[in-house]
Amino acid sequence: MRAGDPGPSRARLFADQLTPLILAGHSPPPFFKRGPAPLAKLVFFVIVSLAMLVSDLNMHYLDGFRKGLSVLAYPLQMAAASPADFVRNASDYFASLVRLQIENKDLKARQLKGAERLLRLDQLEQENRHLRALLEARDKQSAKSVVAEIMYTAKDPFSRKVILDKGAQAGIEAGQAVVDDIGVIGQITRVFPMQSELTLLTDKDQAIPVMIVRSGMRAVLFGSGNGLMELRYLAANADVQAGDKVVTSGLDGVFLAGLPVATVARVDRDQAQAFARIPCLPAAGVEQFSHVLVLGHRESLPPRPPEAEPVAGKSGKGRKARAPKE
Amino acid sequence: MQPTHSSRRILLPVRMWFVYTTLFIALFLNYVPTGHLPAVPDVVALVLAFWCVREPVKIGIGAGFVFGLLTDIGVGAALGQHAFAYVLLAYAANELSRRVLWFTPVEQALHVLPLLFMSQVVMVAVRLMAGAEFPGWWMFFGSFVGALLWIPLHYVLLLPQFQPMERDENRPI
């Protein structure tokens, strides 16, 4: 017994000395249970993230996933946006009186100028309706539009996108056209419940079908990335001049026809190339912060199918079934 | 023993909730809409690199991937862009950890600068390959500002570990 006695007491002494360390929480690093090798983990995550990149950029498969995650990120995003809101409101508050007066005068003048045209427009619209009724043409659907405010520029430095303060709850859908008081500024690309993301026309490769007012020629206008736009695929001898006004042609079914888009800045005709290089300046204040109008979808819904749909279905099937026999 | 703040000082063990809290605060700072302001540092990359260097066993590539995805969502980038860059960053920081910890904070910042720069180069390369416009050289100033921020960050993030649990006049850790 005597021989066994000092053993436990020495162990307890040793344990007493150890306790501060254990209390402090210093545990030895794991020697064996360390999961997969770092290189294997690296390869796995690199492959996953590259697959995500490709499927998001090229195929847009991950929009649902993004929406799900954005629900999680939304509160943090809102909280982070509040300083920007505060700065914006403060700068509005401290805007100089003179600037406001000038702006007010300018707006009044513009309203007066517009009023006369509006009065005439009313009369023209009525006349147009009568004429259409005479022609039994379908009434052009008036677009339902939403006024929204640009909150801030999206942080992604590779694209030109801004965030609007209205989203799916205000009835905004992806693909809608956005205009300001001068002309088209872009298109809604993503919709969140309370916000939406507007891709500006100057974003690289953002396209819009247009028409040159002077010659009536149709073309496609692409954003070129540096705050400008470019008319592509026009022949080197096409009838375009610097200063030509470019408006939407309405061929896409998204933008109403005749909205101002850009002005041709200059025309570089290079004989070595098949197409002319035609940079254009945006007409609207594309890169300014202001209120914008989100236009409703232009095309009207197709008419309701007639009551006798099941019969039509049967006959369709019958025809299909009969076709091979014949 | 006087507090020296040197890398070899014995510190209290890190608490994982503190690591994740700081990462979320960094995420919040990344979400602040600074628009296209030049030289805005990527705070998540910085904090992630810090913890990957300090605690290579406890935090690494997985956290980089998750916080990369969250950053992608918040700033409207392509999904996977930041995740890809942060995964590479976390791996490199984990591997370099044993070397970097020998140095003083200023020298550590010099080690972290190429890591941050690399993560930005990776993102630019990926987006340019996908056909985006080049955002301009000013963007790369962000990693230099980030490396400068490493020095104050070193003290701020280690602050909870400097506190002794019980003060002992004879044996202050």
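The values are calculated or read from the model by the stated rules, or taken from the named source; none is laboratory data. A quick note: this is a predicted structure, and the numbers were derived from the prediction, not measured. Every residue, glycine among them, receives a Cβ derived from its backbone with ideal geometry; neighbour counts consider all protein chains shown.
Go through segment B:87-97 residue by residue and tally those that are more than 9 Å from chain A (Cβ to nearest Cβ), touching a residue at least 40 places away in the same chain (Cβ under 8 Å) and not polar (S, T, N, Q). Counting residues in segment B:87-97 that are more than 9 Å from chain A (Cβ to nearest Cβ), touching a residue at least 40 places away in the same chain (Cβ under 8 Å) and not polar (S, T, N, Q) gives 3. Does B:L96 qualify as being part of a helix (DSSP H, G or I) and at pLDDT 95 or above? It is false that B:L96 is part of a helix (DSSP H, G or I) and at pLDDT 95 or above. Residues in segment A:220-233 that are surrounded by 20 or more Cβ atoms within 10 Å (Cβ to Cβ) and among the aliphatic types (A, V, I, L, M): A:L221, A:M229, A:L231.
Just wondering, is there one or more residues in segment A:73-91 that are outside any loop (DSSP other than H, G, I, E, B), surrounded by 11 or more Cβ atoms within 10 Å (Cβ to Cβ), charged (D, E, K, R) and more than 7 Å from chain B (Cβ to nearest Cβ)? Yes - at least one qualifying residue is present in segment A:73-91.
Just one of the listed residues (B:L70, B:L46) is touching a Gly at 6+ places or on another chain (Cβ under 6 Å), closer than 30 Å to A:I163 by Cβ and of a type outside the set (F, W, Y), namely B:L46. Please work out if B:E107 is part of a helix (DSSP H, G or I), out of contact with any strand residue (DSSP E or B) (no Cβ under 6 Å at 6 or more places or on another chain) and free of Cβ contacts under 8 Å to residues at least 24 places away in the same chain. Spelling it out, B:E107 is indeed part of a helix (DSSP H, G or I), out of contact with any strand residue (DSSP E or B) (no Cβ under 6 Å at 6 or more places or on another chain) and free of Cβ contacts under 8 Å to residues at least 24 places away in the same chain. Among the candidates B:L113, B:L148, the residue that is away from chain A (no Cβ under 11 Å), closer than 22 Å to B:F67 by Cβ and out of contact with any Phe, Trp or Tyr (no Cβ under 8 Å at 6 or more places or on another chain) is uniquely B:L148. The residues in segment A:154-170 that are away from chain B (no Cβ under 14 Å), part of a loop (DSSP other than H, G, I, E, B) and of a type in the set (S, T, N, Q) can be counted, and the count is 0.
Entry remark, segment A:222-249: residues being more than 19 Å from A:Q273 (Cβ to Cβ), of a type in the set (D, E, K, R) and outside any loop (DSSP other than H, G, I, E, B) number 1 in total. Could you check, for segment B:51-72, whether at least one of its residues is at positive phi, of a type in the set (A, V, I, L, M) and more than 15 Å from the chain's Cα centre (by Cα)? No, segment B:51-72 contains no residue that is at positive phi, of a type in the set (A, V, I, L, M) and more than 15 Å from the chain's Cα centre (by Cα).
For segment B:100-109, the count of residues that are among the polar types (S, T, N, Q), touching a helix residue (DSSP H, G or I) at 6+ places or on another chain (Cβ under 8 Å) and closer than 29 Å to A:A154 by Cα is zero.
Taking the condition more than 10 Å from every other protein chain (Cβ to nearest Cβ) and without any contact (Cβ under 8 Å) to a residue 24 or more places away in the chain, does B:W17 pass? It is true that B:W17 is more than 10 Å from every other protein chain (Cβ to nearest Cβ) and without any contact (Cβ under 8 Å) to a residue 24 or more places away in the chain.
The residues on offer are A:L69, A:L50, A:L39, and the sole one that is within 27 Å of B:F28 (Cβ to Cβ) and either facing chain B (nearest Cβ under 10 Å) or among the basic types (K, R) (or both) is A:L69.
Just one of (1) surrounded by fewer than 16 Cβ atoms within 10 Å (Cβ to Cβ); (2) out of contact with any strand residue (DSSP E or B) (no Cβ under 8 Å at 6 or more places or on another chain); (3) in a loop (DSSP other than H, G, I, E, B) fails for A:E173. It is (2). Among the residues making up segment A:190-212, those that are more than 21 Å from B:F134 (Cα to Cα) and touching an Asp or Glu at 6+ places or on another chain (Cβ under 7 Å) are A:R190, A:V191, A:Q195, A:P209, A:I212.
Restricting segment A:53-66 to residues that are facing another protein chain (nearest Cβ under 7 Å) and out of contact with any helix residue (DSSP H, G or I) (no Cβ under 7 Å at 6 or more places or on another chain), which is surrounded by the most Cβ atoms within 10 Å (Cβ to Cβ)? Per the criteria, the residue is A:D56.
Filter segment A:176-221 for residues that are charged (D, E, K, R) and in a loop (DSSP other than H, G, I, E, B) and give the result. Those that are charged (D, E, K, R) and in a loop (DSSP other than H, G, I, E, B): A:D180, A:D181, A:D203, A:K204, A:D205, A:R214.
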